[in-house]
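A.B. asks: A single structure is presented below for examination.
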Amino acid sequence: MKEKIEQMCNQAKEKIAEVKKSNELQELKIKYLGKKGEITSILRGMSELKPEERPAIGSLVNKVRDKLEELIKEKENEFKQKEIQEKLEKEKIDITLPSTKIKRGSKHPINRIIEEIEDLFVSMGYDVVAGPELETDEFCFERLNLPKGHPARDMQDSFYITNEYLLRTQTSAVQARTMLAKKGIEPIRMLCTGKTYRREDDATHSHQFNQVEGLVIDKKENNVSLADLKGTLEVFVRKLIGDNLDLRFRPSYFPFTEPSYEVDVTCFKCGGKGCALCKKTGWIEVLGAGIVHPNVLKINGYNPEEYGGFAFGTGIDRLAMFKYAIPDMRYLYANDVRFLNQFDRRDID
Ligand code: DAH
C-alpha cells in the first residue's frame, strides 16, 4: 500500500512538473485531489487495512495530499503570472508615439484687441459695460445732444428699423445709458466695446464695425481735466500699438463734447517722417474725444455745475489694421482662413 501511494505520488509530481497548460493542470487536480480522485479512493480503501497499519498510511496520504496541493498551487500561480505577463506584453501602449495634431481655432484679431483694451481699462479702474446694438434714436442721438434734424446726424446714416429704432451708429449711445443707471450722483469710469453700423462700405469703412467708448464723470472738485484725458489716451495708444507713439490733439467738433478733439497718433509706418499712409503729414487720426458737454450731463441727470468729465471713442477695426498692418478693413469680415490663420494661437503653441 505504502509503495502504491509513493508511486502514485511520484507519478503525480512528474505530471505536474511537465504540465504546460492551465486546463491540463485542472484535469490533474481533479484526477488526484478531486472527489473521485486517487487520494479519495486510497482513503476509501483504508477500511481494508489492518487497524495497526492505518495511522501510518493515513499520515502518509495526508502528507502526499498536502504536497500535491502545494505543487498544484505553485503551478497555478506560475500560469497566472505568465498570463498577466502575456497580457501586459500584448497591451503595451507606446507613449512615445506622436499624437495626431488637432487643428485649433484662433481668436479673431478684433476679439483679441477687444480683450486687450478691456483688460487695460479694467487695470485703470474702469467698469466694462455693454449696450444694445438695436438702439433707439433717443439714446443714439437725442441724449447725446443731437436732436432730430441736427446736421451732424448726416455723418452717421444708419439702418433704421422704424423711425425710432436703428442699428446703433456709435457706442457713444452707452454713455447715456450709463449716466441714467448711475442716477446723476455716482461717479463713472466706464468702458464699452461693441458692434456699430453705418451705411458705408469701402477699403477703410465697413457697414459693420466695432467701436470702443470711454466715459469718466466725477465731482467738479476732483478736477477731471483734459490732462487726464490726454494721459489716459497716451496709455491706451502706447500699450495697445507702440511705446514710442506720440499723441496730438486737434480741435474738432462732436455734439456731445465741448471742447472736442480729434486725436492723431504718430504714423506707425514711417514713425512721423511722412509717407503714403499718413499722406506725408507724419500723423494718423485715431480717436475722437473731449470734455463732456454740459447739455449731455443735464439731459442724462447730472448737474453740470457739480459734475464734469471726459469721453472718448474710436474704431477698433482701425486699431486692428494699424496694430497688425492689415491693408483692407474688409479682410476682417471676409472669413478667409488664409488671413485668419495668421492669428493662430502661436503664443501658446
Ligand atoms: N462717437 C464718435 C464717432 O463715432 C467718436 C467719439 C468722439 C466718441 C468723441 C466720444 C467722443 O466719446 O467724446 O465718431
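The values are calculated or read from the model by the stated rules, or taken from the named source; none is laboratory data. Bear in mind the structure is a predicted one, so any value in this text is a computation, not a measurement. Backbone-built Cβ (ideal geometry, glycine too); neighbour counts: all protein chains shown. Ligands, DNA and RNA are stripped out before the accessible areas are found, and what is left, the full protein with its side chains, is counted by its heavy atoms. Shrake-Rupley method; radii C 1.70, N 1.55, O 1.52, S 1.80 Å.
A.B. asks: Excluding GLY282 itself, what net charge comes from residues whose Cβ is under 11 Å from its Cβ, given Lys and Arg +1 and Asp and Glu -1?
C.D. replies: +3
A.B. asks: Normalised by the residues of the chain, what does the relative contact order come to in percent, with Cα pairs under 8 Å and at least six apart?
C.D. replies: Worked out over the chain, it gives 15 percent.
A.B. asks: So what does TYR324 come to for accessible area, using a 1.4 Å probe and Å² rounded to 10?
C.D. replies: Approximately 60 Å² of TYR324 is accessible to the 1.4 Å probe.
A.B. asks: Next question. Run through all the Cα pairs of the stretch 2-90 and give the fraction in each 5 Å bin from 0, expressed as whole percent.
C.D. replies: 3, 13, 23, 21, 14, 10, 7, 4, 3, 2, 1, 0
A.B. asks: Within 11 Å, Cβ to Cβ, of GLU164, how many net charges do the neighbouring residues add up to if Lys/Arg are +1 and Asp/Glu are -1?
C.D. replies: Result for the local shell: -3.
A.B. asks: Please find, in a Gaussian network model of the chain (springs between Cα atoms separated by less than 10 Å), the residue of LEU49, LEU245, LEU287 whose mean-square fluctuation is greatest.
C.D. replies: LEU49
A.B. asks: Lys and Arg at +1, Asp and Glu at -1: add these up for the other residues within a Cβ distance under 14 Å of VAL237 and post the number.
C.D. replies: Result for the local shell: -1.
A.B. asks: Right, here's the next one. Which of the peptides 7-18, 175-186 is most tightly packed, and how do the rest follow, judged by the mean count of other Cβ atoms within 10 Å per residue?
C.D. replies: Listed from highest to lowest mean packing, they are 175-186, 7-18.
A.B. asks: Can you return the lysines within cross-link range of LYS107? Criterion is Cα-Cα under 27 Å, with same-chain partners fewer than 8 residues away left out.
C.D. replies: Partners within reach: LYS195, LYS239, LYS269, LYS323.
A.B. asks: Another question, then. With a probe of 1.4 Å, find how much accessible area the chain has per residue, and write the answer as a whole number in Å².
C.D. replies: Counting only protein heavy atoms, the per-residue value for the chain is 59 Å².
A.B. asks: Nearest 20 debye, what's the magnitude of the dipole of the chain about its Cα centre given +1 on Lys and Arg Cβ and -1 on Asp and Glu Cβ?
C.D. replies: Numbers: 57 positive and 57 negative charges, 305 e Å.
Using only the charged Cβ atoms, the result is roughly 1460 debye.
A.B. asks: Now, a different point. For the stretch 150-216, which GluC sites (Glu not before Pro) pass both filters: DSSP loop (anything but H, G, I, E, B) and at most 14 other C-beta atoms within 10 Å? Write down the numbers at each step before the final one.
C.D. replies: On the way: sites: GLU164, GLU200, GLU213; in loops: GLU164, GLU200.
Those that pass, being in a loop and sparsely packed, are GLU164, GLU200.
A.B. asks: Further question: If the convex hull of the alpha-carbon atoms of the chain is projected onto planes in all directions, what is the mean projected area in square nanometres? Each step should come with its number before you reach the end.
C.D. replies: Values: hull surface 141.9 nm².
With the hull built on Cα positions only, its mean projection is 35.5 nm².
A.B. asks: Could I ask something else about it? Sort 72-78, 227-233, 292-298 by packing, meaning the average of other beta carbons within 10 Å per residue, with the highest value first.
C.D. replies: Averaged packing, sorted descending, gives the order 292-298, 227-233, 72-78.
A.B. asks: Another question about this same structure. What are the aspartates and glutamates whose alpha-carbon lies under 17 Å from the alpha-carbon of LYS280, with same-chain residues fewer than 8 places away excluded?
C.D. replies: Of all the aspartates and glutamates, those that pass the test against LYS280 - Cα under 17 Å, at least 8 places apart if same chain - are ASP246, ASP264.
A.B. asks: While we're on this one: Rank ARG112, ARG189, ARG199, ARG168 by accessible area, highest first, at a 1.4 Å probe radius? Intermediate values should be presented prior to the final figure.
C.D. replies: Details: ARG112 60, ARG189 120, ARG199 155, ARG168 5 Å².
The ranking, largest first, comes out as ARG199, ARG189, ARG112, ARG168.
A.B. asks: Right, something else. If you roll a 1.4 Å probe over the chain with all protein chains in place, what percent of the accessible area is carbon or sulfur?
C.D. replies: Carbon and sulfur atoms account for 51 percent of the accessible area of the chain.
A.B. asks: Charges on Cβ only, +1 for Lys and Arg, -1 for Asp and Glu, centred on the Cα centroid of the stretch 109-348; of TYR302, MET179, THR193, which one is farthest towards the dipole's positive end?
C.D. replies: THR193
A.B. asks: What FRET efficiency comes out for LYS63 versus LYS90 if R0 is 35 angstrom and r is the Cβ-Cβ distance? Round to the nearest 0.05. Write out the running numbers ahead of the final one.
C.D. replies: Numbers: r = 41 Å, r/R0 = 1.17.
Calculated value: 0.30.
A.B. asks: Estimate the FRET efficiency between LEU134 and ILE102 by the formula 1/(1 + (r/R0)^6), using the beta-carbon distance for r and 45 Å for R0, to the nearest 0.05.
C.D. replies: So, using R0 = 45 Å, E works out to roughly 0.75.
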